[in-house]
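Working notes, structure below.
The values are calculated or read from the model by the stated rules, or taken from the named source; none is laboratory data. If you're wondering where the values come from, they're calculated on a predicted model, not measured in any experiment. Here the Cβ is made from the backbone with ideal geometry for all residues, glycine too, and neighbour counts use every protein chain on show. Heavy atoms of the whole protein, side chains included, go into the accessibility calculation; ligands, DNA and RNA do not. Shrake-Rupley method; radii C 1.70, N 1.55, O 1.52, S 1.80 Å.
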Amino acid sequence: MCRNIRVLHNFEPPATSDEVQAAALQYVRKVSGAAKPSAANQAAFDKAVAAVAAATQELLDALVTTAPPKDREVEAAKAKARAAERYGR
C-alpha cells in the first residue's frame, strides 16, 4: 500500500473532505504511475480522483465500529515514534 495513504476511519473528529480527496489523489497517482498526468490524460485522471473520493466517502459513512474513536494527535505521535525507531532519528 502507498505509505502516503492514511487510515481515515474511526477518528474524532471524522476525516475531512480534504483528507478524503488527498487519499484519493494518492491512490490514483499510485495506480496510474504518474504524479502529474499529461495534458492528454488530465481529464481521465481528474475523473478517477473524483470517483475514488466519492467511493471512499461512501465507505467511511457506511462503516460502523464499537471501538472508541482514535485521537489524531496520539496516532501521529505513535507514527513519529515508529519512524524514529525505524530510521534511527
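What to note about this one:
- Test for ALA40: is it modelled with pLDDT under 95 and among the aliphatic types (A, V, I, L, M): no
- All positions within segment 34-89 that are free of Cβ contacts under 8 Å to residues at least 40 places away in the same chain and among the hydroxyl-bearing types (Ser, Thr, Tyr): SER38, THR66, TYR87
- Hits in segment 16-44 (condition: within 14 Å of ALA55 (Cα to Cα) and either surrounded by 15 or more Cβ atoms within 10 Å (Cβ to Cβ) or of a type in the set (A, V, I, L, M) (or both)): GLU19, VAL20, GLN21, ALA22, ALA23, ALA24, LEU25, TYR27, VAL28
- Taken as a whole, the condition of being farther than 19 Å from PRO14 by Cβ, open to solvent by less than 80 Å² (accessible area, probe 1.4 Å), out of contact with any strand residue (DSSP E or B) (no Cβ under 9 Å at 6 or more places or on another chain) and at pLDDT 95 or above does not apply to GLN57.
- Complete set of residues in segment 25-60 that are farther than 26 Å from LYS80 by Cα and in a loop (DSSP other than H, G, I, E, B): GLY33, ALA34, LYS36, PRO37, SER38, ALA39, ALA40, ASN41
- Positions within segment 5-24 being more than 8 Å from the chain's Cα centre (by Cα), assigned to a helix (DSSP H, G or I) and in contact (Cβ under 8 Å) with a residue 24 or more places away in the chain, in sequence order: SER17
- Hey, GLU75 in a helix (DSSP H, G or I), exposed (fewer than 12 other Cβ atoms within 10 Å of the Cβ) and acidic (Asp, Glu) or not: no
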